[in-house]
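All of the numbers you see were taken from the coordinates with simple rules; none came from a lab. The structure displayed is predicted, hence computed values, not measured ones. Cβ atoms come from the backbone with ideal geometry, glycine included; neighbour counts cover every protein chain shown.
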Amino acid sequence: MTDPLLSVRSLSIGVTRGSTDPTLIVEDVSFDISKGERFGIVGESGSGKSLTLRAIGDLLPRGVEVLAGSIRYNGTELVGMPRSSRRKLMGPEIAMIFQEPMTALNPVVRVGEQIAEGPRRYLGMTRAESMARAIEMMAKTGIPDPVRRARAYPHELSGGLRQRIMIAMALSCDPRLLLCDEPTTALDVTVQHQVLRLLEDLCDDSGAALAFVTHDLAVVNQTCTDLAVMYSGHIVESGTVREVLSDPRHPYTQGLLDSAPDFDRPERPLIPIPGFPPNVASRPSGCPFAPRCPFVVEACRTAMPPMVTVAPGHGAACIEADRISRELVAR
Amino acid sequence: MIDRLKFIPARLVQSLPVALGVTLIVFLMAHLLPGNAALALLGERATDASVAALTEQLGLNRPIWEQYFIFLTRLLQGDLGQSLTYQLPVTDLVFQAIPVTMSVLGYALTLALLISIPLAALAAFRPGGARDLGVRTYTLLGQGMPQFWVGIMLILLLGVNLRIFPVGGYGTTMVDHLYFLFLPSLTLAIAMCPTIIRSLRSSMIDVLGSDYVGTAKSKGAYGVALLRDHVLRNAAIPTVSVIGVNLGYLVGGSLVIEQVFALPGLGSLMINAIFARDFPTIQGVTLFVALFVVVVGILTDVVYTMLDPRVDFASKDQT
Amino acid sequence: MMSPAELLNARLQQRRALRSRSIKPWYRNGALMAGIVIVGALVLIAVLAPLLAPYDPIAQDLRNTLASPSAEHWLGTDKFGRDILSRLIWGAQVDLRVGFLAVLIPFVFGSVLGAIAGYFGGWLDTILMRIVDVFFAFPFYVMVIVLVFIFGSGEASIYLAIAAVSWVSYAKIVRGEVLVAKKQDYVTAARLGGMSHGRILVKHIGPNVLSQAIIYGMSDIVMDIMAIVTLGYLGLGIAPPTAEWGSMINDGQEFITTQWQQATIPGLMVVVASLGLSFLGDGLSDLLSPERRK
């Protein structure tokens, strides 16, 4: 097997502002994404999935920092790299699509120019060439009448079109890794589906790898090949989508599956996970899911369970991973 | 763009009542003078004949609405009356003085932007940091300094001690003007900066935290390019209206600064007229300055519209 | 749906807001304390001027004019041989008094008009706001200078001139606040409960609205002091020989090359006074409307 495109090791992210002792939001997260892979990161709001993604793109909000760990892109360490050289990767190597296409586009710049900015900076294009590139990308993302639309301002376009503009912008410099932060959450369900299809097709065409953050297991099931489930700043389960979703070993993953509607078995009742995720500032010691876990044992409360391999390429951070599999079968 | 500027005629019409109100107030000023205005202007030792003549000249013996009507008709013909001291049409005096005042104002605004933009950016990039603290201290101090005193201090520092800049006068050529007007303009700029920096700093902090700046960063923009392409224009939008609202106040300040640097502008014209009790000239300058503020209000809307494509005064007026 | 980053931002802001809120006792409010100390010191100097000033501020000594700072005259003497330190101290009395008193008329007059316009709305509101627009067209200094000329010299005419110009700001602020307050549920409830307009204005809307007017009033005092000093500088203010900072700057400007302190120090006093009042205003706004602070 070749080296992964992106390799995240023991990444910890915390709030550093306003206190001497930083609050950890993401703790000891590790995963790999190989070339052309579609990797999903699933979790609730506050699980740290978005911050993990933003850390890869050096786009953490003010006051939030990578505290420890390593992010290697194509063999190069990104943590600690000077900001100017790191920003040069953004666009031609790594690109990002945000959740809210309304606020993520500059309201006072024509969308064509916003797409053309990257190609002009990196591909050495003139203004006219980069505009042609922008229009080409808009056509590729299925925007009708791209020549006219390129002169529009974001507020003049619909949500679906705006997200297509974001995609055109992200892919305009042929990146090898595309970071997506809930790219379809703000869209109507029908548009959601189209946009996901489009993303998949374009990534297949260009061979770009996808890191896809979402709270929606169904989206991951449709789009991704591999996934990691995050809970309260930790990866609690990871593996191929097929493995994890058919044989979940962490009680949280199970809870997520049980609480989401299943279109193959519409008669199955939805079972919500009892309780709420812990506050980042007052996380319990041990497994953060322990207070809500139906399988909790005493050992869960003392230390964070290590990630154990339950099947080839499938890991779960749960002491009771084996028993949970049996319980599931028994049910 | 052209479409969205179609609001201008309607906006001009909307300003008419305000402009009319301005003329009314300027007109009524003459009637606020205690007792007989002519007597008040000429002083206690005026002869009856001269009082009568001035009363006639100012039209004070007619009914008040008729006087206002005459005042307006003359105004529309560009007639603001005769200056009592210079025996010249007030319009001529005002138009002679306008270039000086407007140059100082434009020059000062340019300097103020050149100072404010980098300072605001410096403060906004790390709010709460040492630079931010420094910039905020300056805005606090800057607002507390009387403008004319700042002028005197600049004369003391740059004109007297370092002998870099002339401390008064206006010069004759364009280059001369730029050189002579530097200190007065800098004085006015120092008065403008705190307001501009405050507004620009807080809007820059908002913009820097916005999603689209995140997008710009994800496209590889950083440093000056990020500031120029994605922060400045967005942050400028609220600042434009702040400048527009405060320009009137600053025009007032510039009139006082002219006095410090002995510039032959509207300020000196007005102050001299006050000491000479030359009421038509006082009225003329006041009227011009107020109408200028009304025009600035319209200009602010135009600039605002050009900067922000989301604003559409034109369609708002139709509904 | 909020992304975690947004959520985090919101939480951080919340915590910051909580910290700056008046849960913190008033004496821990840095700006307020700085304001109280500075303004308090100035007021003390002004009140105790007869005791503090070493000389009579208007007594001339033509044998000792333009003296440099010395043990007898700490800040030297002016062109009439008057002691500058004494004039500075007495000047505090004049400038602060006029500054504080000048806000009173426009504060009351403008607030009442603004409250009535905002509360009753309709044609009354339209007319008043048109008048406000007209007044806003006249630059502050220009209008004050012209009005002082019209009303004649003297302290009373300064009060009148400032009142005639600055009532519009209070009217505008209070009207805006009343418009907001009027829509609050508790006001509707009081109205439905049969409370009269007057009582609602005084009991329910007044207190909230007033705090905004007071906060503006603090910055207005600064502006009024600036106006008085400017008038004094131009020779249109408090008549000489009364000691006043603005006219002191004017007196000193002539001798800027030889006696720089004459024009510099009165200006510094103005800076200190407005700094103190700005702090006081910031502190008060923290105290009175914490939720509005960013």
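State, in angstrom, two size descriptors of segment A:125-278 derived from its alpha carbons: Rg to one decimal place and Dmax to the nearest whole number.
In Å, with Rg to one decimal and Dmax whole: 18.5, 59.
Which cross-chain or sequence-distant (5 or more) residues have an amide H under 5 Å from the amide H of A:Val308, H modelled 1.01 Å from N in plane?
Amide H neighbours of A:Val308: A:Ala316, A:Ala317, A:Cys318.
Over the whole of A:101-108, what's the average partner chain Cβ count within 10 Å per residue? Rounded to a whole number, please.
Mean partner shielding for this stretch: 6.
Which whole-number percent gives the relative contact order of chain C, counting Cα pairs below 8 Å spaced six or more residues apart?
After rounding, I find 26 percent.
Translational diffusion coefficient, Stokes-Einstein: compute it for segment A:1-84 using the Kirkwood radius over C-alpha pairs as Rh, at 20 °C and 1.002 mPa s, and state it as an integer in µm² s⁻¹.
Approximately 159 µm²/s, per Stokes-Einstein.
What does DSSP give for the protein assembly as shown in terms of the percent of beta bridges that are antiparallel, rounded to the nearest 5?
60
Pairs of alpha-carbon atoms within less than 8 angstrom and 6+ residues apart define the contacts here; what relative contact order does segment A:1-136 have, in percent?
22
If we sort B:176-182, B:101-107, C:143-149 on the protection proxy, mean other Cβ atoms within 10 Å, highest first, what's the order?
Per-residue Cβ counts within 10 Å, averaged per peptide and sorted highest first, yield C:143-149, B:101-107, B:176-182.
Provide the per-residue ³J(HN,Hα) series for segment B:203-212, in order, calculated from phi with Karplus coefficients 6.51, -1.76, 1.60 and θ = phi - 60°, each as a whole number of Hz, with x at glycine and proline positions.
Result, rounded to whole Hz: 6, 5, 4, 4, 5, 4, x, 7, 4, 6.
Can you classify segment A:250-329 as rounded, prolate or oblate using the Cα gyration tensor, where a ≥ b ≥ c are the square roots of its eigenvalues, rounded means a/c under 1.5, and otherwise it's prolate if a/b beats b/c and oblate if not?
Cα axes put segment A:250-329 in the oblate bin.
From the Cα trace of segment A:12-145, what convex hull volume per residue do you get, rounded to a whole Å³?
Dividing the Cα hull volume of segment A:12-145 by its residue count gives 162 Å³.
Scan around A:Ala209 for amide H atoms under 5 Å from its own, H built in the peptide plane at 1.01 Å from N, and keep only partners 5 or more places away or cross-chain.
Those lying under 5 Å, H to H, from A:Ala209 are A:Gly36, A:Leu177, A:Leu178.
Ranking B:Trp149, C:Trp167 by Cβ neighbours within 10 Å, fewest first, what do you get?
C:Trp167, B:Trp149
Going by C-beta contacts inside 10 Å, put A:Arg83, A:Arg38 in order with the fewest on the left.
A:Arg83, A:Arg38
Treat the count of other C-beta atoms within 10 Å as a stand-in for reagent exposure and order A:Tyr122, C:Tyr141 from fewest to most.
Exposure proxy ranking, most exposed first: A:Tyr122, C:Tyr141.
Which residue, chosen from A:Ile165, A:Leu256, B:Phe182, occupies the Cα position most advanced towards the positive end of the dipole of the protein assembly as shown, where the dipole is computed from +1 (Lys, Arg) and -1 (Asp, Glu) charges on Cβ about the Cα centre?
Of A:Ile165, A:Leu256, B:Phe182, it is A:Leu256.
Taking Rh as the Kirkwood radius, which is the inverse of the mean 1/r over Cα pairs, what is the Rg/Rh value for segment B:99-318?
The Rg/Rh ratio comes out at 1.03.
Alpha carbon centre of segment A:211-280 versus segment B:246-270: separation in Å?
Each part reduced to its Cα centre gives a spacing of 70 Å.
Select from B:Gly267, B:Gly297, B:Gly144 the residue whose mean-square fluctuation is largest in a Gaussian network model of chain B (Cα-Cα springs shorter than 10 Å).
Greatest mean-square fluctuation among the candidates belongs to B:Gly144.
Scan around A:Thr141 for amide H atoms under 5 Å from its own, H built in the peptide plane at 1.01 Å from N, and keep only partners 5 or more places away or cross-chain.
Excluding prolines and chain starts, which carry no amide H, there are no hits.
Within 10 Å, count the other beta carbons around each residue, average over each peptide in A:65-76, C:208-219, and list them highest first.
Sorting A:65-76, C:208-219 by mean packing, highest first, produces C:208-219, A:65-76.
Treating chain A as a set of equal point scatterers at the Cα positions, no solvent, please give the Debye-formula log₁₀ I(q)/I(0) at q = 0.08, 0.11, 0.14 Å⁻¹.
-0.40, -0.74, -1.13
Given a cut-off of under 8 Å on Cα pairs at least six residues apart, what relative contact order in percent is computed for chain A?
Answer for chain A is 19 percent.
Helix-derived [θ] at 222 nm for chain B: sum -39500 (n - 2.57) over DSSP H runs of at least 4, divide by residue count, nearest 500?
Theoretical 222 nm ellipticity from helices: -24000 deg cm²/dmol.
Among the listed pairs C:Lys182/C:Lys203; A:Lys88/A:Lys140; A:Lys49/B:Lys217; A:Lys140/B:Lys219, give every one whose C-alpha distance is greater than 22 Å.
Over 22 Å apart, Cα to Cα: A:Lys88/A:Lys140.
Stokes-Einstein D for chain C at 20 °C, 1.002 mPa s, Kirkwood Rh over Cα pairs, in µm²/s?
99
To the nearest whole number, what is the average tally of beta carbon atoms from other chains within 10 Å of the beta carbons of peptide A:87-99?
Mean inter-chain Cβ contacts per residue within 10 Å come to 4.
Report the charge-dipole magnitude of the protein assembly as shown in Debye, nearest 20, computed about the Cα centre from +1 at each Lys and Arg Cβ and -1 at each Asp and Glu Cβ.
Roughly 620 debye for the protein assembly as shown.
In the P(r) worked out for the protein assembly as shown, what percent of Cα pairs fall beyond 55 Å?
In whole percent, the share of Cα-Cα pairs in the protein assembly as shown beyond 55 Å is 30.
Are there GluC sites (Glu not before Pro) in segment C:153-258 that DSSP puts in a loop and that have at most 16 other Cβ atoms within 10 Å, and which ones?
Sparse-neighbourhood loop GluC sites (Glu not before Pro): C:Glu254.
Students often check this: by mean Cβ neighbours within 10 Å, which of A:47-56, C:119-128 ranks highest, and how do the rest follow?
Packing proxy ranking, top to bottom: A:47-56, C:119-128.
For segment B:56-211, state the semi-axes of the equivalent ellipsoid (square roots of 5 times the eigenvalues of the alpha-carbon gyration tensor), sorted largest first and rounded to whole angstrom.
42, 23, 14
Shielding by partners for B:262-275, please: the mean number of other protein chain Cβ atoms within 10 Å of each residue's Cβ.
2
Two decimals, Cα atoms only, Kirkwood Rh: what is Rg/Rh over segment B:143-201?
Rounded to two decimals, Rg over Rh is 1.05.
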